[in-house]
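Participant: Before anything else, here's the structure in question.
The values are calculated or read from the model by the stated rules, or taken from the named source; none is laboratory data. Being a predicted model, the structure only gives us computed values, none of them experimental. Cβ placement follows ideal geometry from the backbone for every residue including glycine, while neighbour counts extend to all protein chains displayed. Side chains included, ligands, DNA and RNA excluded: accessible areas come from the protein's heavy atoms. Shrake-Rupley method; radii C 1.70, N 1.55, O 1.52, S 1.80 Å.
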Amino acid sequence: MSKTFPFKHDTYQSHNDMPSGIQPLMQKAEEQLDYAYAPYSQFYVGAALLLDNGEIYTGCNQENASYPLCMCAERVALYNVGTTHKSFKIIALAITAYNPKKELREPCMPCGACRQVIQEFEHRQKAPIPLYLASKGHYAIGLDGISDLLPVGFSIDSLL
Ligand code: THU
């Protein structure tokens, strides 16, 4: 049974349904599942983002025995770009997850902290970042940007 998502999105039953440019990106996100370090949660997350120049940057979650230090896949990938580029344009961000102990049937939704960071990267590049959310072997959804997942969020406007 699929979740009902209360925002505009596309649904893809498999990788093959996704736009052709996104299929290899989701493949890269899946490859990151092999590098994820998630011995505590067993929730392995991979992320891959595509720049408008064709470059792909990746990330995966990195857990720690001191639980609050765990870092999400999306933020590893985004900070990878932020620390190597003064300006950039991310045209897609793919996220997927896998749990060897439990079949994940729903797309991996970015956590609140990652939504906040994605919002900041949208602000930095002055354009929304299309999101493709999946779990390995199950359906995926696509969204135009983070605003539907973080409406009325805290942003630079809040500081002015
Ligand atoms: N996790 C991510 O990597 N991205 C998210 O958006 C959701 C959560 C990771 C953090 C932690 O290592 C594990 O998933 C369980 O919360």
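Participant: Can you tell me which condition SER2 does not meet? The list is (1) in a loop (DSSP other than H, G, I, E, B); (2) within 16 Å of the ligand (Cβ to nearest atom); (3) in contact with a Phe, Trp or Tyr (Cβ under 8 Å, 6 or more places away or on another chain), and all the others hold.
Facilitator: Evaluating SER2 over (1) in a loop (DSSP other than H, G, I, E, B); (2) within 16 Å of the ligand (Cβ to nearest atom); (3) in contact with a Phe, Trp or Tyr (Cβ under 8 Å, 6 or more places away or on another chain) leaves (2) as the failure.
Participant: Could I ask something else about it? Could you list all residues from region 26-35 that are under 16 Å from ASN80 (Cβ atoms) and free of Cβ contacts under 8 Å to residues at least 40 places away in the same chain?
Facilitator: Taking region 26-35 as the starting set, the residues that turn out to be under 16 Å from ASN80 (Cβ atoms) are 28-29, 31-32, 35.
Hits for region 26-35 are GLU31, TYR35.
Participant: Pick from LYS28, LYS89: which is touching a Ser or Thr at 6+ places or on another chain (Cβ under 7 Å) and of a type outside the set (A, V, I, L, M, F, W, C)?
Facilitator: LYS28
Participant: Checking the structure you have, find out if any residue of region 44-55 is within 13 Å of the ligand (Cβ to nearest atom) and of a type outside the set (A, V, I, L, M, F, W, C).
Facilitator: Yes, there is a match, as at least one residue in region 44-55 is within 13 Å of the ligand (Cβ to nearest atom) and of a type outside the set (A, V, I, L, M, F, W, C).
Participant: Just the residues that are within 16 Å of the ligand (Cβ to nearest atom) and over 17 Å from the mean Cα position of the chain (by Cα), please, taken from region 64-96.
Facilitator: Hits for region 64-96 are ASN64, ALA65, SER66, TYR67, PRO68, LEU69.
Participant: When both residues are 6+ apart or on different chains and their Cβ atoms are under 9 Å apart, which pairs have a first residue that lies in region 145-160 and is farther than 21 Å from THR4 by Cα, and a second that is open to solvent by 60 Å² or more (accessible area, probe 1.4 Å) and assigned to a loop (DSSP other than H, G, I, E, B)?
Facilitator: Sorted first by the residue in region 145-160, then by its partner, the pairs are GLY153/SER147.
Participant: Also, quick follow-up: Limited to region 122-149, what total is found for residues that are touching a helix residue (DSSP H, G or I) at 6+ places or on another chain (Cβ under 8 Å) and open to solvent by less than 40 Å² (accessible area, probe 1.4 Å)?
Facilitator: 8
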